[in-house]
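Before any comments, here is the structure.
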Amino acid sequence: MTVASERDDLRTYYDRPVLKEPTWRFWIPSYFFVGGAAAGSSLLAAGADAIGDARLGRAARVTALAAIGGGSVALVADLGRPERFHHMLRVFRPSSPMNVGSWLLAAYGPAVGVAALSNLTGRAPVLGRLATWSAAALAPAIATYTGVLVADTAVPAWHEARTVMPALFAAGAAASAGGIAAAVVPDSAPARRLAVGGVAAETALSSALEKLLPDDVGAAYTDGRAARLRRAAMRLSVAGAALCTGGVGTRGGRARRMRTRLGGVAIVLGAVAERFAVVEAGRASARDPRATIGPQRRGIDGSVTGLAAP
Amino acid sequence: MVDAAPARVGFFTDTTLCIGCKACEVACKEWNDVPADGFDFLGLSYDNTGELSADTWRHVAFVEQVVPEASASEPGLRWLMSSDVCKHCTHAACLDVCPTGAIFRTEFDTVVVQADVCNGCGYCVAACPFGVIGQRKHDGRAWKCTMCYDRLHGGLEPACAKACPTASIQFGPLDELRLRARERVGELHERGVSSARLYLDNDDDGVGGAGAFFLLLDEPEVYGLPPDPVVTTRDLASTWRAAAASGAALLAGVALAFMRGRR
Amino acid sequence: MGSNMAECHPVGFQWVMEAKERGATIIHVDPRFTRTSAVADVFVPLRAGSDIAFLGGIVNYIISNGREFRDYVGHYTNAGAIIEDDFRDTEDLDGLFSGWDPERRTYDNTSWQYKDMPTAASAGSREVSGAHGQAAGSHGATHGGRPPHVDPTLEHPQCVFQILKRHYARYTPEMVEDACGVPRELFLRVAEALCENSGPDRTSAFCYAVGWTQHTVGVQYIRTASIIQLLLGNIGRPGGGILALRGHASIQGSTDVPTLYDILPGYIPQPHAERHQTLEQFVREDASPTGFWGYMKAYTVSLLKAWWGDAATEENGFCFDYLPRITGDHSTYQSVLGMIDGWVHGFLLLGENPAVGSAHSKLHRRALASLDWLVVRDLYEVESASFWYDAPEIESGELRTADIGTEVFLLPAAAHTEKFGTFTNTQRLLQWRHQAVEPPGDCRSDLWFAYHLGRIIREKLHASTLERDRPLLDLTWKYPVAGETAEPSADAVLREINGWEDNGHPLSSSTQLKDDGSTACGVWIYCGCYADGVNQVARRKPARDQSWVAPEWGWAWPANRRLLYNRASAAPSGEPWSARKLYVWWDEARREWTGPDVPDFEVHKPRDYEPDPDARGADAIAGDDPFIMQADGVGWLFAPAGIVDGPLPAHYEPHESPVQNPLYGQQANPARDVFVRKDNPYNDRDRDTYPYVVTTYRVTEHHTAGAMSRTLAHLVELQPAMFCEVSPELARERGLQHGGWATISTARTAIEARVLVTERVSPLRVQGHTVHQVGLPYHWGTRGLTTGDAANDLFPLVLDPNVHIQEVKAATCDIRPGRRPRGGRDG
Amino acid sequence: MRIGDLLGRWPVLRQLRARDVRGHGATAASPQTRHLHPRTEDADRVVQSICPYCAVGCGQLVYVKDGRVTDIEGDPDSPISRGRLCPKGAASRSLVSSPGRLTTVKYRRPYGTQWESLPLDRAMEMIADRIIETRARTWQDVNEAGVPVRRTLGFAHLGGATLDIEENYLLKKLYTALGALQIENQARI
């Protein structure tokens, strides 16, 4: 019978996975995107205030609120027991990025809300400004903790990439927020710059990731659905960046604005695809016993603490 | 609730004594009211369970091997059987990452999911380096072996250990079990069973040793176990540092984006 | 051998594992490498149906190397007995013994007798007294005591030992290899291990199960093991013996307290029409005057008193006439054919499922469909109750529901937790169960069914004056009932089983039984289970609080003895054979036999007691004769009576076999029960159509015909599909895919199963060519949480002549990839 | 519930009080968890029984609460099984309390196409009538040779070997009195 497989001299139990596939549904990668978008937007809002760009400021605040609002819905929707969402704040558990993230969101969400409402209604301007700045202060954490969250799992494609993962998510946040802002306020140079910069960083980090991972783990990114999503993400982002940068220098013109808006949308879609690609890669590597056993086996054979040696 | 903190208890599963009867799987389900896990013919030797999951807290693995050094008077066959279970790690990833406190460490130093707390976020599922814990369909919550926490409160041994006909599954204070296990390995080596080795009995391993450890006759991966599992949170601090750096970089990036003016 | 103990008796197997840890050598001989083989020290793959060749080889090894336990063999067996001069062995007659009658396909065993002394068999023969009318004991009145001619030197050419030696001389390692497919060095390793581990200081045990009994020569399988164990001195001694691992909670009890056609309770034979017209004739014909069967009249009279009470008097022969007479084989397979042939009209099935569990189950389903009425009592709706709408024959169109005239009563049964009662386990241990809860709905115990059925019938016939109704109306049928269901008292029934004196005082031992009607006892071998009016069966003294023999847990028959014939654990002198194997011995100071167990011997009979020639009963047993149930007090290497197919086991091929009998011209057991009829086709040596050997078995996760396991999700998920096990070689030869489907066909029909390709089934080299074996679990049927074809559909009706047990451990088949043809299953 | 109580049960506050920064241990336990105990402790009674599957005869302890079996496990006192059970024995609670169990009489009339229901006592009456009728129809006082046999071969019995000895005893006694010979059980098979 098909005795435990010994294909490519790596031994497994009938080729069955060692790990469980993450149970997260599409809500989670969606949240990764909107969470990043919200964080980036909060920073844009603060920046806009700093240089006194009211249009960008308002757009960014509204974006942040919408994004984080939608994000919260996504988070609750993915729970097996949504009615128990509040259990997330039942304890304080620093060893759990998700718990830490929940506390962060508990502070960040209201700040974003107050900032946006005060801006739209013109009421309580001082409070609004305070809220805007605190949201901005929390934004970097919001943008990156999700990277920590996925890295802090047994999933090889995520855990082995832990040094890059937060940066990748930060870059994604910049690209997403920039992209949205560029689409809404095409005239805003900072928005365009943030979008393009985000794309540049994301692209660089994404290829760094491939180099960083051993083949049996990296395969999760370079084969299958994840690979297709990443190619799409890459094309969209680069195209979007090109469209956004294309018009720099030339004056006015609806066509140029149109290009920028288009570019912004492309970049946003690219950022979305990238998040789904990362989650998909995680799933694939959890399914593949080689991704789990390979690195561990090399570690043992390389070291003396081989607990498996008779 | 027992007040005085009792000694850490655990499972020592001696696979050399296992006859693959699966009494552990059934006794566990009968006591804990765990539903059946599907009637699929997997044909993995006599294993039709496949793996540990939300609905399988004990899983007996069957491995058929053709032994190379077979002579005419030796069948040249080896049929390994091993009852797998949650490891109740010293450093338990599922517990570390659980955001609700549903998973906690008991006074017996075991790792238990509280069904009345779990909200089914699924983080523990991705975090477990052994693929033990799972999310139950149509229920949404995460489930795994509790080492019969309720029975322990009554001074009873876990259902699987009690049922095991050949004492392949042994329950007791972890220190005693480890001593017994080491003697057993020595004994087996003397008898010429050179392939006998312990798995997860060592405090220095990636999960700080486990509350459930095993005597195996081959490499762990042959039984579907990770050869050198590591609790993911071991690298959490460094990951947060990376996050801090990238957060700062993000700030800088945004600042840069604004410095060059609004048009 | 013939047992897969780790899988079929896992909890009992804990003791084997413990023995192994303490240095015992575990040897597993089986057609398949099973979960037992996995933990055994030595695994011996052999061809299904060739066990006697293998065991005979061991007998030959022992004798030709002088490895027998001389003191034991000389004193405790009939090795020295001289047999009639006209006895002829299979060696002389090419596979037949003297006395063969080709017309009636039976033996006349006159020539098998001790010279100048016809003998009666002990309990073993009770099950055969009906077979082929005259089969057993066709000789005249039996005598008892020691054989008149004995050669203590065991040199006389007609003495048992020399006959044995000649009989097995050709069972050499080479022949074993040729017949069984077992490499000779592996065989020699087993033979030597057995000899080394036997003698004064050591003992070896055989464990067997239906892997030995379900053959056309099944009884002789066990006989061969008995010969080995007697030669090696492994009977009646701790750690020795031949252990039957029985498969059902009280199947031992169902034989002791039989629902069997040929015996009455306690192995008293069901009287035979011609030979047993009166009680006197019955006793004279069938009871040995010597040994404990010498009291058969007391046992029988006490039974008749228990059943017919005051109506049973000295004058009317204690109602011996009330007992229906047998005239041949009335076993269940005959009844089933009777249903098809139209002379059996009604059938009661209590907790049995022949539509799945019996050989040629297809034939059984046809039989059920031919009945006027059928009563089924079970925990679940079993295939034997639902056949009329979901039998495979309905699916295939061979039967139509609307054409089936069978009236079916399906009654729900109470579970083991819902009634009081006793199971007798595989080691003759009676254990009482307490009721935990009331049965739900219409569920009732079979005790309730039997009692109230009897009550109703008696009420309906109470006015009858017909002679045939007397036994029924005179029957003692007063049992206290309790509760709203009017459940009869199991305790009261157990009291009757134990028996009482005419003053109503409970008996404490079968030695108290009288043949004058002053005692009543329902099951003489169980006498004492209610000694002193205490339910001994319910005793539950924790193991840790008593000796390792645990005599105060439950009660074992006879007389709470845990090890039978344990007088043999001491030397003739009465001293233990060795300190290491101390068990029961003669205490000279207290002038009695003593030990941790109840001595299986008259406690105060001196070790040097010598009976005078005309002594009767136990008095005829000498102080150094341990086998007190035997007429001559010794273990029978050679069986002058009691076995219908030969005094010595000879290797015969299964009824269906792909190979020639390597030893004799006689291919299969000449005396086997065959049923040549259209609906029971056999494969007569067609090696091309059915080239492979097929065998059946259980798996740990299921129970027999499945009613108690296919219905439980927690068991079904562990083995969710009917499967077949084949070797990689056979899979290649036939193109079978692991995990795919295969169709297995025999001369009867074809079934389908999922394929498990595994090295655990290995092709064997037999007589120069390769023999492939196909393994099939037989647990599946058309009902339950998972369904599948019934393996028993494949097997023919062909039986062992002694006990009429079917051969389902070896037949010939073919196997092909793919599912069986739908409709018309005769593929 | 008052807000104060709610706060009081909030583990975060317990953490603060216990200065437990990690929140891994007892502070995370819920009230239900703290009151966990084996359900066998709630049993009204425990009876000693024997496993109904194979013939090893393992001891079982049956726990009963409100007239229902809440648990069946091995009896540690048994010298045979020492408290252990195989998968089938371990499934005994499912066996006796499975919803699939038959609890009412089912009747199929000759040539009928479906089950009908029937009161138990009516069924018993009908079965008695069938036996009486068949016995009368097939009764033999003597056989072909004219030898007395006093029997009927008109109906047969086949019993499983999970019947108690008391049950077998009554069955054999009744059938013998009826002159029924073809009384068999699993031991033949």
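Points worth noting:
- Failed item, numbered, when C:Asp800 is tested on (1) more than 14 Å from chain B (Cβ to nearest Cβ); (2) more than 16 Å from C:Thr696 (Cα to Cα); (3) of a type outside the set (S, T, N, Q); (4) in contact with a Cys (Cβ under 9 Å, 6 or more places away or on another chain): (4)
- Among the residues of the stretch C:550-597, those identified as open to solvent by 30 Å² or more (accessible area, probe 1.4 Å), under 21 Å from C:Thr77 (Cα atoms) and part of a strand (DSSP E or B) are C:Pro576, C:Trp585.
- Any hit, the stretch C:685-697, residues being closer than 30 Å to C:Ala169 by Cβ, crowded, with 16+ Cβ neighbours inside 10 Å and touching a Phe, Trp or Tyr at 6+ places or on another chain (Cβ under 6 Å): no
- Residue-level check: of (1) among the hydrophobic types (A, V, I, L, M, F, W, C); (2) open to solvent by 10 Å² or more (accessible area, probe 1.4 Å); (3) farther than 30 Å from C:Tyr682 by Cα, C:Ile340 misses just (3).
- Options C:Val774, C:Val766, C:Val808: the member that is closer than 17 Å to C:His364 by Cα, touching a residue at least 12 places away in the same chain (Cβ under 8 Å) and of a type in the set (A, V, I, L, M): C:Val808
- Residues that are touching a residue at least 24 places away in the same chain (Cβ under 8 Å) and within 14 Å of chain C (Cβ to nearest Cβ) were ranked within the stretch D:34-48; the one that is nearest to the chain's Cα centre (by Cα) is D:Gln48.
- Failed criterion for C:Leu564 (all others in (1) within 14 Å of chain D (Cβ to nearest Cβ); (2) touching a Lys or Arg at 6+ places or on another chain (Cβ under 9 Å) hold): (1)
A quick yes/no check of all residues on (1) open to solvent by less than 20 Å² (accessible area, probe 1.4 Å); (2) β-branched (Val, Ile, Thr); (3) under 30 Å from C:Leu96 (Cα atoms):
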site	(1), (2), (3)
C:Phe601	yes, no, no
C:Tyr609	no, no, no
C:Ala639	yes, no, yes
C:Leu648	yes, no, yes
C:Tyr652	yes, no, yes
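- When residues in the stretch C:147-193 are screened for being touching a residue at least 12 places away in the same chain (Cβ under 8 Å), within 15 Å of C:Arg765 (Cβ to Cβ), outside any helix (DSSP H, G or I) and touching a helix residue (DSSP H, G or I) at 6+ places or on another chain (Cβ under 7 Å), 1 of them pass.
- Candidates are the residues of the stretch D:1-33 that are surrounded by 12 or more Cβ atoms within 10 Å (Cβ to Cβ) and of a type in the set (D, E, K, R); the one that is nearest to the chain's Cα centre (by Cα) is D:Arg9.
- Wholly enclosed helices (runs of 4 or more DSSP H) of the stretch C:246-309 bearing at least 3 residues among the aliphatic types (A, V, I, L, M) and either over 28 Å from C:Ala415 (Cβ atoms) or open to solvent by 10 Å² or more (accessible area, probe 1.4 Å) (or both): C:296-308
This table checks each residue for (1) closer than 24 Å to C:Pro354 by Cβ; (2) facing chain C (nearest Cβ under 8 Å); (3) open to solvent by less than 20 Å² (accessible area, probe 1.4 Å); (4) acidic (Asp, Glu).
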{"site": "D:Ile72", "(1), (2), (3), (4)": "no, yes, yes, no"}
{"site": "D:Gly83", "(1), (2), (3), (4)": "no, no, yes, no"}
{"site": "D:Lys88", "(1), (2), (3), (4)": "yes, yes, yes, no"}
{"site": "D:Ile131", "(1), (2), (3), (4)": "yes, yes, yes, no"}
{"site": "D:Pro148", "(1), (2), (3), (4)": "no, yes, no, no"}
{"site": "D:Leu153", "(1), (2), (3), (4)": "yes, yes, no, no"}
{"site": "D:Tyr169", "(1), (2), (3), (4)": "yes, yes, yes, no"}
{"site": "D:Thr176", "(1), (2), (3), (4)": "yes, yes, yes, no"}
{"site": "D:Gly179", "(1), (2), (3), (4)": "yes, yes, yes, no"}
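Yes or no, residue by residue, for (1) crowded, with 24+ Cβ neighbours inside 10 Å; (2) more than 7 Å from chain B (Cβ to nearest Cβ):
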{"site": "A:Gly128", "(1), (2)": "no, yes"}
{"site": "A:Thr132", "(1), (2)": "yes, yes"}
{"site": "A:Leu138", "(1), (2)": "no, yes"}
{"site": "A:Thr146", "(1), (2)": "yes, yes"}
{"site": "A:Asp152", "(1), (2)": "yes, no"}
{"site": "A:Pro156", "(1), (2)": "yes, yes"}
{"site": "A:His159", "(1), (2)": "yes, no"}
{"site": "A:Val164", "(1), (2)": "no, yes"}
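- The stretch B:175-207, subset assigned to a loop (DSSP other than H, G, I, E, B), closer than 29 Å to B:Val112 by Cβ and in contact with a strand residue (DSSP E or B) (Cβ under 7 Å, 6 or more places away or on another chain), residue farthest from the other protein chains (Cβ to nearest Cβ): B:Val207
- Condition met for C:Ile58 (assigned to a helix (DSSP H, G or I) and either more than 10 Å from chain B (Cβ to nearest Cβ) or open to solvent by less than 20 Å² (accessible area, probe 1.4 Å) (or both)): yes
- Selection of the stretch D:49-66 for residues being open to solvent by 10 Å² or more (accessible area, probe 1.4 Å) and without any contact (Cβ under 8 Å) to a residue 12 or more places away in the chain yields an empty set.
- Residue count for the stretch A:172-206, restricted to those that are surrounded by fewer than 21 Cβ atoms within 10 Å (Cβ to Cβ) and not in a helix (DSSP H, G or I): 1
- Hey, C:Ala559 under 30 Å from C:Pro269 (Cα atoms), out of contact with any strand residue (DSSP E or B) (no Cβ under 9 Å at 6 or more places or on another chain) and among the aliphatic types (A, V, I, L, M) or not: yes
- Members of the stretch D:90-109 found to be facing chain C (nearest Cβ under 7 Å) and open to solvent by 60 Å² or more (accessible area, probe 1.4 Å), listed by number: D:Thr104, D:Arg109
- Among the criteria (1) open to solvent by less than 20 Å² (accessible area, probe 1.4 Å); (2) within 14 Å of chain B (Cβ to nearest Cβ); (3) more than 29 Å from C:Ile394 (Cβ to Cβ), the one C:His772 does not fulfil is (2).
- Single condition B:Pro165 does not satisfy, out of (1) open to solvent by less than 10 Å² (accessible area, probe 1.4 Å); (2) more than 25 Å from A:Lys20 (Cα to Cα); (3) more than 8 Å from every other protein chain (Cβ to nearest Cβ); (4) not hydrophobic (A, V, I, L, M, F, W, C): (3)
- Inter-residue pairs, beta-carbon under 6 Å, first within 12 Å of chain D (Cβ to nearest Cβ) and in the stretch C:473-500, second in a helix (DSSP H, G or I) and surrounded by fewer than 18 Cβ atoms within 10 Å (Cβ to Cβ), 6+ apart: C:Thr476/C:Gly309; C:Tyr479/C:Ala492
- Where a residue in the stretch D:91-102 is at pLDDT 95 or above and its partner, wherever it lies, is in a helix (DSSP H, G or I) and crowded, with 21+ Cβ neighbours inside 10 Å, with Cβ under 7 Å and at least six apart: D:Ala91/B:Val26; D:Ala91/B:Glu30; D:Ala91/C:His714; D:Ala91/C:Leu715; D:Arg93/B:Glu30; D:Ser94/B:Glu30; D:Ser94/C:His714; D:Val96/C:Thr417
- Within the stretch A:38-80, the set of residues being outside any helix (DSSP H, G or I) and facing chain B (nearest Cβ under 8 Å) comprises A:Asp53, A:Leu79, A:Gly80.
- Of the residues screened, D:Gln114 is one that is part of a loop (DSSP other than H, G, I, E, B), in contact with a strand residue (DSSP E or B) (Cβ under 9 Å, 6 or more places away or on another chain) and farther than 30 Å from B:Cys28 by Cβ.
The values are calculated or read from the model by the stated rules, or taken from the named source; none is laboratory data. The structure displayed is predicted, hence computed values, not measured ones. We place every Cβ from the backbone using ideal geometry, glycine too, and count neighbours over all the protein chains shown. Please note that ligands, DNA and RNA were not included when accessible areas were found on the heavy atoms of the full protein model with its side chains. Shrake-Rupley method; radii C 1.70, N 1.55, O 1.52, S 1.80 Å.
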